[in-house]
1. When the chain is treated as a GNM, springs tying every alpha-carbon pair under 10 Å, which of L33, L401, L268 comes out with the largest mean-square fluctuation?
2. How far is helix 124-137 tilted off the main Cα axis of the chain, in degrees rounded to 10, range 0 to 90?
3. What does the extension gain come out to for D126 and E331, with contour length at 0.36 nm per residue minus their alpha carbon separation?
4. Taking a cut-off of 21 Å between Cα atoms, list the lysines near K132, but don't count ones fewer than 8 places away on the same chain.
5. With axes computed from alpha carbons, what is the tilt in degrees of helix 108-120 against the longest principal axis of the chain, rounded to the nearest 10 within 0 to 90?
6. In a Gaussian network model over the chain where Cα atoms closer than 10 Å are linked, find which of Y284, Y179, Y367 has the largest mean-square fluctuation.
7. Could you work out [θ]222 nm for the chain from helices alone, using -39500 (n - 2.57) per DSSP H run of at least four and dividing by all its residues? Round to the nearest 500 deg cm²/dmol.
8. Please state the relative contact order of the stretch 1-144 as a whole percent: Cα pairs under 8 Å, 6+ residues apart?
Amino acid sequence: MDKQELQNIQLAIQDLLQQERYEDALPIINSVLEEHPDNAATLNFLGYTWLMGDKPAMAYQFFRRALQENPGNKSLWCNLGRACHDLGNYDEAIKYFLKAAEIDNGYAMAYSNGAASLVHISQWKDAEESCKMALECDPNDKNAQMNLAHCYLAQGRWQEGWKEWSKSLGGQFRKEWHYGDETRWEGEAGKDIIIYGEQGLGDEIFFGSCLPDAIAISNKVYIDCDPKLEGLFRRSFPEAEVHGTRKEEHPEWLADKKFDHRCGMGGLPEFFRHNSKDFPRETYLVADPERRKMWRALFDSWGKTVVGITTHGGMRHTNKKGRKLTQDDLESLLSRDDLILISLDYEVDEKIDGVKYFPFATQSFDYDDTAALIAELDAVIGVNTTAQHCAAALGVKTICLVPKWHQWRYAQPSMPWYRHMTLKYQDNKTWKQVIESVNI
């Protein structure tokens, strides 16, 4: 394999990776490394393949090896930083992003990725500066725009935040749906609009607080939500036409429908939440009254205060490590004779002694089952999950335990979105210490 042939093969590999055809690229990468095991570009390709395959530990090793061969390559330093970021080693990631920026101070990706790591450790002002540096280099960097939105929103700079947030639509983390020839909604009144869900259930419930505002000024609102939320949203927003089909490519109900505009649910606050006074903080979800009666009868039979708990949440890139409670953390609640604790976790790897579990409700494909259970609780306490947002939206007393590293929506001293949610910050304390200080 001569130099020209190697170069042509590497271009082909790069093209496959850009098309996200990782399984097709992998055997070609391996065949090149068999002849050129020290080739930095090919080692970088292999690391990138592992990174995109959600195997950052493997990617980390190949990026380090590639840097031994080519220590002056800014992209390699940036990729090594990305692997560290995905492993949750944010301080190390930032160090490598800075190294990439030293090599090329006009390298937007170094600043953009550095901002993402700073956002993950809730360093909002430093992240803001890093985002602005990225956007100076590349004004169209969607990740920098999204992270700048996080920074502004964390600081309560709502109008600036939503403006940047809107620019991220269509990027990696905010998919934009198209239903026909309708245009993006710009907040015009008197129109027929379709509002579609984004990301997870918790996000749909969180941003769903703006649905009544959109319904109030529109001619007709259609909601395309997660199928688990269809029943709950249909009851809660009866003036809208609700369908749980946002994960379907060609829903049948769309066949004879035509809309003026479309809007992602996460885009609604741009039109209705410009300052702190714009947050009504009213309850807006309505649980199924029949299913509530079942739980009410059971809870009344116990004759004690019934509290829902959320003990874990998130994924690796949303601070899963920091959002986990143990049996020892909950000891001050478990030891009380006047309390009954019910798990609201949607996944249970290991049960906690003294906690009651009702998986038919919490792991149901119909979130109405979970909402009805939550609606009859005296309180909910735990780390931030969908159940926490649902509880606050239903008007149940909700105590959200906020980890030291947290998202923008938990950065304010109090939660502007919900009247019934109280934030308890971990700071430098243990979760056990935080929970012992909670009054239920």
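1. Between L33, L401, L268, it is L33 that shows the largest mean-square fluctuation.
2. Here the helix axis deviates by roughly 40 degrees.
3. Extra length from D126 to E331 when fully extended: 70.1 nm.
4. List returned: K74, K95, K99, K142, K163, K167.
5. 30
6. Checking each option, the largest mean-square fluctuation is seen for Y179.
7. -14000 deg cm²/dmol
8. The normalised contact order for the stretch 1-144 reaches 13 percent.
The values are calculated or read from the model by the stated rules, or taken from the named source; none is laboratory data. Quick caveat: nothing in here was measured; it's all calculated off a predicted structure. As a convention, Cβ positions derive from the backbone with ideal geometry for all residues, glycine included, and neighbour counts pool all protein chains shown. With ligands, DNA and RNA removed, areas are computed over all heavy atoms of the protein, side chains included. Shrake-Rupley method; radii C 1.70, N 1.55, O 1.52, S 1.80 Å.
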